[in-house]
Amino acid sequence: MSYVEIRNLSKRFGDTPVFESIDLDVEKGSICVLVGPSGCGKTTLLRAVAGLAAPDQGTITIDGKDVTRLEAKQRGIGMVFQHYALFPNMSVEQNLAFGLEQMKLPATIIAKKVSRMVDLMGLGPRAKARPATLSGGQKQRVALARALVLEPKLLLLDEPLSALDAQIRKRLRDELKKLQHEMGFTAIFVTHDQEEALLLGDRIGVMQSGRFAQVGGPSEIYGHPATMAVAKFIGDFNILDPVTIEQVFNRKCCLNWAVHPQAIEIFRPIPKPKLSEGIYQADVQITGVHVLGCVLRYMVQAKGVALKIDALNRPNMTPMKKGDAARISLSAADICELQN
Amino acid sequence: MIEIGRRGRIIAWACAIPFLAVIFLFEVMPLAAVLTNSVFKEGVPSVLNYAEILGSRFYLGAFRVSFSISLLTALIALVVAFPIAIILRRMPGRVQDIILVFSNIGTNFTGYPLAFAFVILMGVSGSITLLLIEAGLVKDFNIYSTAGLVFVYSYFQILLGILLIFPALGAITPDIEEAAKLMGASRWLFWRRIGLPILAPSLAGALLLLFANAMGTYATAEALVGSGANLVTIRIGELTAGDVFSDPNLADTMATLLVIILIIPIVAAQFLLKPKDSNA
């Protein structure tokens, strides 16, 4: 039995289903990331787990206890909101102490817990400050500290990094991962950013139109997307339909292919290419070269089909240029066949 | 702040000239004239006007009645409008718009039309008064009294209160309420510890505006009870335009004292409600 079990959970707003027949397992001490485009139902699912939205059917079990019909405050859940939701009339310390006060803990214990969390989150110099005087990153750190200080059974994070700029977002993402390793809390993290999902998630649920399109580990989701929708959302795949496949690689098949840009090799054309079993090759024309840091992205046309190819940007190599003719090679093992 | 060049600054100031002219002509000049006239008695500089008002039970009574009615109706408006505004926040946008438009119209429906409407409805022979008497709920009801004034003032004060409080409630976002709820706070505790402290400056500001609005109301009171009501604005009106008791300098002195009464709570509120933010 998993630490968090969601079974057959459904929710409708009027006639519109928000999510339907959701099943999800989250193991203790892991982060489960719900990822998907806007409006796919991930935030409503999180709110249903929190007790802030009542599901129409199904059950939610946390640590062996059915919490489906329990009030939000009785579920032992901590939540971090996208826009922080800090209490603006209270200092950082008071924000952290608020939840502990509701637990009727002695003042000395509250002070000790707050002080420890303030130190752990590096908020010491800002402990007496009001939220209005904090930066976005500091506010989100306070929001996280406020949820964690209650030692919740389950931490829910609703797009907590999306309101921050790229650099702070990256730093906080790393800090969150480190903190989770140190403290071992169990969390469900909602995001629409696939990079964030792959980096943070021990398990990832890709949602599409109120259902899970695929649930799995980051390697599985990234390497073997189950459906066209997952492939389009996660990673930066070249998606090829059967007609295109035949046109480019002269292969007959009935399923779509998803191919990572880095799975395709590109090289200067050689007079007599050696063909072997399971290797598909095609001649291409380079239509663009983009330097993406450590990666060179080649935009190519293969018999009228546009493909993107990533190659390692080695310091002393001479990259091919726009307009050059080239040859690409693809191993059958690197092809993901999509169900739809 | 938007950075603008020297030319932009000159153009900005030039565009502001008509507005500044209006402020100067219709706010600064009249206020300066009122202040200056208040320290003249029969053409001679003197503080006798102040001495006369502060030594007169009649004029002090006018201030007391105006102050009481204004404070009472401001408090009534705040107490009634606050929950209405909270409920309104939870309503669909279209309903909000309709109620806000209605409140806006109602707030500006003052003076003679309002008094006339209340006379028809709740005067001695008003339809509602007669219905209430018929139903045995009241024996008589006199709208031409101080209690009647409180009743009529409350009408536009409550609607103004809704208009003032509604936007302030935007500071209480749903996720703040939900965060408190998840931490175990009841609705009552949320409002006591978080909601009301957040809104305190806005509520105090609304109270001051409602108080000032009532203190400055003239036409409604004049239309309803004429000179029978001992209000500051009625007395100023009499002293300015009255045939028998005309004394514009004394009217200016009362106006000056009225301004002082309004300035004191505004300044006090600025000090008391200044956010205690720490940059530590």
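The values are calculated or read from the model by the stated rules, or taken from the named source; none is laboratory data. Here the structure is a predicted model, which is why all the values come from computation and not from measurement. Cβ sites come from the backbone with ideal geometry, for glycine too, and all protein chains shown count toward neighbours. The accessibility values were calculated without ligands, DNA or RNA, using every heavy atom of the protein model including side chains. Shrake-Rupley method; radii C 1.70, N 1.55, O 1.52, S 1.80 Å.
Observations on the structure shown:
- The strands (runs of 3 or more DSSP E) located wholly in the stretch A:239-329 that include 3 or more residues which are open to solvent by 70 Å² or more (accessible area, probe 1.4 Å) occupy A:279-292.
- Figure legend. Inter-residue proximity from the stretch A:234-256: first residues of a type in the set (Asp, Glu), second residues not in a loop (DSSP other than H, G, I, E, B), beta-carbon distance below 8 Å, spacing 6+ or different chains. Indicated pairs: A:236/A:261; A:236/A:308; A:241/A:256.
- Of all residues making up the stretch A:22-78, the number that are within 28 Å of residue A:104 (Cα to Cα) and more than 19 Å from the chain's Cα centre (by Cα): 25
- Output for the stretch B:178-198, where each listed residue is more than 27 Å from the chain's Cα centre (by Cα), surrounded by fewer than 18 Cβ atoms within 10 Å (Cβ to Cβ) and either in a helix (DSSP H, G or I) or among the basic types (Lys, Arg) (or both): B:187, B:188, B:189
- Test: residue in the stretch A:101-117 that is within 25 Å of residue A:170 (Cβ to Cβ) and either open to solvent by 10 Å² or more (accessible area, probe 1.4 Å) or modelled with pLDDT under 95 (or both): yes
- Matching entry among B:174, B:248, B:201, B:167 (being within 14 Å of chain A (Cβ to nearest Cβ), surrounded by fewer than 17 Cβ atoms within 10 Å (Cβ to Cβ) and over 14 Å from the mean Cα position of the chain (by Cα)): B:174
- Selection of the stretch B:109-139 for residues being touching a residue at least 12 places away in the same chain (Cβ under 8 Å), farther than 15 Å from residue B:219 by Cα and either open to solvent by 50 Å² or more (accessible area, probe 1.4 Å) or in a helix (DSSP H, G or I) (or both) yields B:122, B:124, B:129.
- Residue in the stretch B:144-156 that is part of a helix (DSSP H, G or I), within 14 Å of another protein chain (Cβ to nearest Cβ), more than 30 Å from residue A:72 (Cα to Cα) and touching a Leu at 6+ places or on another chain (Cβ under 7 Å) present: no
- Test: residue B:243 is away from chain A (no Cβ under 14 Å) and either surrounded by fewer than 20 Cβ atoms within 10 Å (Cβ to Cβ) or modelled with pLDDT of 95 or more (or both): yes
- Scanning the stretch A:12-33 for residues that are within 25 Å of residue B:175 (Cα to Cα) and surrounded by fewer than 17 Cβ atoms within 10 Å (Cβ to Cβ) yields A:12, A:13, A:14, A:16, A:17.
- Count of the stretch A:180-224 residues which are closer than 26 Å to residue A:337 by Cα and part of a loop (DSSP other than H, G, I, E, B): 8
- Among the residues of the stretch B:218-232, those identified as under 18 Å from residue B:108 (Cβ atoms) and part of a helix (DSSP H, G or I) are B:219, B:220, B:221, B:222, B:223, B:224.
- Enumerated helices (runs of 4 or more DSSP H) restricted to the stretch A:58-152, each holding at least 1 residues that are in contact with a Leu (Cβ under 8 Å, 6 or more places away or on another chain) and away from chain B (no Cβ under 13 Å): A:107-120, A:136-148
- For the stretch A:195-210, residues that are within 16 Å of residue A:32 (Cβ to Cβ) and surrounded by fewer than 18 Cβ atoms within 10 Å (Cβ to Cβ) total 2.
- Taken together, A:281, A:285, A:247 contain a single residue that is in contact with a Ser or Thr (Cβ under 8 Å, 6 or more places away or on another chain) and of a type outside the set (Ser, Thr, Tyr), which is A:281.
- Scope the stretch A:211-231; condition open to solvent by 40 Å² or more (accessible area, probe 1.4 Å) and within 14 Å of the chain's Cα centre (by Cα); matching residues: A:212, A:215, A:219, A:220, A:222
- Given (1) facing chain A (nearest Cβ under 9 Å); (2) among the charged types (D, E, K, R); (3) within 18 Å of residue A:51 (Cα to Cα), number of the condition residue B:187 does not satisfy: (1)
Rundown of residues vs (1) surrounded by 23 or more Cβ atoms within 10 Å (Cβ to Cβ); (2) closer than 16 Å to residue A:208 by Cβ; (3) within 14 Å of chain B (Cβ to nearest Cβ); (4) out of contact with any helix residue (DSSP H, G or I) (no Cβ under 8 Å at 6 or more places or on another chain), yes/no style:
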{"position": "A:10", "(1), (2), (3), (4)": "no, yes, no, yes"}
{"position": "A:35", "(1), (2), (3), (4)": "yes, yes, no, no"}
{"position": "A:43", "(1), (2), (3), (4)": "no, yes, yes, yes"}
{"position": "A:46", "(1), (2), (3), (4)": "no, no, yes, yes"}
{"position": "A:50", "(1), (2), (3), (4)": "no, no, yes, no"}
{"position": "A:53", "(1), (2), (3), (4)": "no, no, yes, no"}
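- Qualifying residue in the stretch A:162-179 (condition: within 13 Å of chain B (Cβ to nearest Cβ) and either assigned to a helix (DSSP H, G or I) or open to solvent by less than 60 Å² (accessible area, probe 1.4 Å) (or both)): yes
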